[in-house]
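The values are calculated or read from the model by the stated rules, or taken from the named source; none is laboratory data. Keep in mind that this is a model prediction, so the values were computed, not measured. Cβ: placed from backbone, ideal geometry, glycine included. Neighbour counts: every protein chain shown.
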Amino acid sequence: MTVALTDIVPQTREVETSHGTIALRGLGLRHIADLFLRFPELRKFFAANAPAVDVAVLLAEAPDAIAAIIAEAAGQPEAAERIAEAFSPDDAAACLLAIQELTMPAPFFERLGALLGNSAASGRPNGKAADMSSPPPPSS
């Protein structure tokens, strides 16, 4: 069936949270680009050969990034601050799972891998976490 591009409507899903039911949609290209610009540490998870993730910066950005993702998917970007303050980790995880499934359905990572010439696309982001291990003990 042929679809006119102007008739495309994002798929939505209702998610139960401790605050009630929230209708979410997948994020579009502009939403994703905006989030990557606003949260550069987050972007590193999706870039091949990305520099090491700065864990301290990631921890500082994570609540606002997660809240911004959920607010955008709900069509209420102005609610990001409230989400960051009020949502439990469980509420956020439920919403993020639905958003991921709507934004990047199953064949996404395989198609992305093919586009990038990587037939072994694993479906996992490529950024590297900074080495948080202790240095080796001094040798005697």
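In the stretch 39-111, counting only helices (runs of 4 or more DSSP H) that sit wholly within it, the ones holding 3 or more residues that are closer than 20 Å to THR21 by Cβ, in contact with a strand residue (DSSP E or B) (Cβ under 7 Å, 6 or more places away or on another chain) and not basic (Lys, Arg) span 89-103. Would you confirm, using the coordinates I've provided, whether LEU24 is in contact with a strand residue (DSSP E or B) (Cβ under 7 Å, 6 or more places away or on another chain) and within 19 Å of MET104 (Cβ to Cβ)? In short, yes.
Within the stretch 71-85, identify whether any single residue is touching a helix residue (DSSP H, G or I) at 6+ places or on another chain (Cβ under 8 Å) and exposed (fewer than 12 other Cβ atoms within 10 Å of the Cβ), and answer yes or no. Yes: the stretch 71-85 contains one or more residues that are touching a helix residue (DSSP H, G or I) at 6+ places or on another chain (Cβ under 8 Å) and exposed (fewer than 12 other Cβ atoms within 10 Å of the Cβ).
If I ask for residues that are modelled with pLDDT of 95 or more and surrounded by fewer than 16 Cβ atoms within 10 Å (Cβ to Cβ), which ones from the stretch 17-29 would you list? Result: SER18, HIS19, GLY20, THR21, ALA23.
Whenever a residue of the stretch 50-69 is exposed (fewer than 15 other Cβ atoms within 10 Å of the Cβ), its partners that are among the small types (Gly, Ala, Ser), lying with C-beta atoms within less than 6 angstrom and at least six residues away or across chains, give the pairs ALA52/ALA130; VAL55/ALA130. On the stretch given as the stretch 19-38, residues that are under 20 Å from LEU102 (Cβ atoms) and assigned to a helix (DSSP H, G or I) total 8.
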